[in-house]
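A.B. asks: One structure, as structure tokens, below. Some questions next.
The values are calculated or read from the model by the stated rules, or taken from the named source; none is laboratory data. Every value quoted in this text rests on a predicted model; they were computed, and no experiment measured them. Note that each Cβ is placed from the backbone with ideal geometry, even for glycine, and that neighbours are counted across all protein chains shown. SASA here: full protein model, heavy atoms, side chains in, ligands and nucleic acids out. Shrake-Rupley method; radii C 1.70, N 1.55, O 1.52, S 1.80 Å.
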There are 2 protein chains.
Amino acid sequence: MTQDTPVRDQVLEAADRLFYAKGTHAVGMDELRAAAGVSLKRLYQLFESKEALIEAVLQWRDATLTAEITAYTARQDTPERQVLAVFDWIADSSGSPGFRGCAFINAYAEHGASSERITAAVRHQKSGMHGAIHAMAAAAGRPEWVADSIFLLFEGAMTNTAIAASSEPARQARAAAEFLLDNTG
Amino acid sequence: MTQDTPVRDQVLEAADRLFYAKGTHAVGMDELRAAAGVSLKRLYQLFESKEALIEAVLQWRDATLTAEITAYTARQDTPERQVLAVFDWIADSSGSPGFRGCAFINAYAEHGASSERITAAVRHQKSGMHGAIHAMAAAAGRPEWVADSIFLLFEGAMTNTAIAASSEPARQARAAAEFLLDNTG
DNA sequence: TACGGTAGAGAACGTTCGTTCTCGCGGCAA
DNA sequence: TTGCCGCGAGAACGAACGTTCTCTACCGTA
């Protein structure tokens with residue numbers, strides 16, 4: 001067990017940034033090597049292949065994104081406001097110029113048909129996000145179907161906020177979620 | 001104006017099938033030529049580049065998909081049922097083994113960062129689908145925000161039905177839409 | 001029959017990419 | 001100091017891809 005962890009994280013962070021910005025197909029291993037500031041040899045001893053790297057990046061992003069959203073929603077003081085904050089998070093994120101929607105959906109679009117490993121990583125993130133919304137909705141005393149609905153609104157808002165290059169879908173989804181919360185439980 | 005139209009459609013249909021099944025990056029022009037049964041020369045005089053072909057395929061799918069969904073929903077006898085039928089359409093479509101979610105979202109994931117033409121084609125489809133749902137909701141006498149919400153539920157259901165490989169998200173989205181319809185108007 | 005133009009088949013070209021190999025330097029043990 | 005191991009830099013390799021070019025067969029016309 002060598003001291004690879006900081007280097008590994010350095011690679012994952014650079015790869016995540018490049019993959020998200022340009023799509024995995026558009027980023028070559030050499031460009032990645034340069035961005036991460038490591039040698040190609042090191043890259044391949046950390047990750048056996050590009051596919052393995054993509055999988056690792058998705059797992060890494062899964063963890064960091066969960067933490068980010070959790071921190072973001074935790075700033076609200078009631079469970080209802082916490083649920084609704086996920087849509088504010090989308091609206092906020094979409095403000096940054098490189099916003100390209102959900103990295104996991106993008107990865108699924110690029111590799112879902114050919115890579116079982118990548119599909120599994122995507123499913124894991126969706127399942128986790130679904131669970132997080134479930135937990136918040138449960139804390140707010142709402143039934144499961146409300147959580148399911150809000151999760152799907154979240155997903156629709158992620159993609160369409162990116163495609164439309166506008167935070168309007170995020171606001172619309174928020175309004176719908178608010179209606180669901182207000183009329184249930 | 002030569003008699004290229006049937007050949008052109010033949011190419012578009014084959015390309016659409018392959019692109020959707022495997023992703024555009026995973027389909028080479030030669031594989032495409034073979035599937036469409038035309039020569040490479042013909043292919044390139046019909047479409048100046050692969051990017052142009054992808055754009056044309058998206059426009060073609062936009063038209064055929066709109067027609068398909070319109071026909072599907074038209075079988076229902078009330079505007080409310082017509083709106084809800086879009087979720088049944090997802091559930092039905094997800095039954096076929098090659099279901100991979102929304103081709104336009106997939107195309108955006110693959111090319112949104114690099115091709116303005118493809119992004120424009122994706123936006124056009126989203127705008128059209130949004131409009132179609134708006135029209136049905138308006139016919140049902142529901143306010144615009146309900147249509148916005150149902151559109152986003154539709155989008156979320158499309159991607160997550162594919163990722164989860166289950167029609168459950170489509171059913172959940174349908175239930176949410178039904179709740180919105182039942183409690184507004 | 002001779003011929004010009006068109007189209008199909010597929011070879012060829014140039015590039016890009018994922019992955020591996022080679023070389024040479026630097027640190028460390030004896 | 002000497003020998004060795006590991007690493008970085010980057011050349012090299014083989015495959016795949018988008019695109020173009022070449023060759024040949026075929027067609028209608030005179």
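A.B. asks: Quick one: what pairs do we get from region B:23-41, first residue in contact (Cβ under 8 Å) with a residue 12 or more places away in the chain and closer than 15 Å to residue B:51 by Cα, second open to solvent by 60 Å² or more (accessible area, probe 1.4 Å) and more than 7 Å from DNA strand D (Cβ to nearest atom), C-beta under 9 Å, 6+ apart or different chains?
C.D. replies: B:23/A:25; B:23/A:114; B:25/A:25
A.B. asks: So, in region A:13-42, how many residues would count as being within 20 Å of residue A:107 (Cα to Cα) and away from DNA strand C (no atom under 13 Å from the Cβ)?
C.D. replies: Within region A:13-42, residues that are within 20 Å of residue A:107 (Cα to Cα) and away from DNA strand C (no atom under 13 Å from the Cβ) number 6.
A.B. asks: Please count how many residues of region A:105-141 are hydroxyl-bearing (Ser, Thr, Tyr), open to solvent by 40 Å² or more (accessible area, probe 1.4 Å) and under 17 Å from residue B:161 (Cβ atoms).
C.D. replies: Residues that pass the stated criteria total 1.
A.B. asks: Would you be able to tell me the number of residues in region A:158-173 that are facing chain B (nearest Cβ under 7 Å) and β-branched (Val, Ile, Thr)?
C.D. replies: Residues meeting the conditions: 2.
A.B. asks: Under 7 Å between Cβ atoms, which residue pairs at least 6 apart in sequence (or on different chains) link something in region A:128-145 that is within 14 Å of chain B (Cβ to nearest Cβ) and at pLDDT 95 or above with a partner that is part of a loop (DSSP other than H, G, I, E, B) and open to solvent by less than 40 Å² (accessible area, probe 1.4 Å)?
C.D. replies: A:142/A:184; A:143/A:184
A.B. asks: Six or more apart or on different chains, Cβ atoms under 7 Å: show the pairs whose first residue is in region A:107-119 and closer than 14 Å to residue B:103 by Cα and among the polar types (S, T, N, Q) and whose second is part of a helix (DSSP H, G or I) and open to solvent by 10 Å² or more (accessible area, probe 1.4 Å).
C.D. replies: Close Cβ pairs satisfying both conditions: none exist.
A.B. asks: How many of the residues in region A:12-32 are farther than 20 Å from residue A:112 by Cα and crowded, with 19+ Cβ neighbours inside 10 Å?
C.D. replies: Qualifying residue count, region A:12-32: 3.
A.B. asks: Got a sec? Which of A:59, A:45, A:10 is touching a residue at least 60 places away in the same chain (Cβ under 8 Å), more than 14 Å from chain B (Cβ to nearest Cβ) and either more than 8 Å from DNA strand C (Cβ to nearest atom) or under 14 Å from residue A:103 (Cα atoms) (or both)?
C.D. replies: Of A:59, A:45, A:10, the one residue that is touching a residue at least 60 places away in the same chain (Cβ under 8 Å), more than 14 Å from chain B (Cβ to nearest Cβ) and either more than 8 Å from DNA strand C (Cβ to nearest atom) or under 14 Å from residue A:103 (Cα atoms) (or both) is A:59.
A.B. asks: Could you tell me whether region A:49-57 includes any residue that is of a type in the set (D, E, K, R), out of contact with any helix residue (DSSP H, G or I) (no Cβ under 9 Å at 6 or more places or on another chain) and either open to solvent by 10 Å² or more (accessible area, probe 1.4 Å) or more than 11 Å from DNA strand D (Cβ to nearest atom) (or both)?
C.D. replies: No.
A.B. asks: Within the group A:174, A:100, which residue is open to solvent by 50 Å² or more (accessible area, probe 1.4 Å), charged (D, E, K, R) and on the phi < 0 side of the Ramachandran plot?
C.D. replies: Among A:174, A:100, only A:174 is open to solvent by 50 Å² or more (accessible area, probe 1.4 Å), charged (D, E, K, R) and on the phi < 0 side of the Ramachandran plot.
A.B. asks: Name the residue that is nearest to DNA strand C (Cβ to nearest atom), counting only residues in region A:62-81 that are in contact (Cβ under 8 Å) with a residue 60 or more places away in the chain and surrounded by 15 or more Cβ atoms within 10 Å (Cβ to Cβ).
C.D. replies: Only one residue fits best here, namely A:62.
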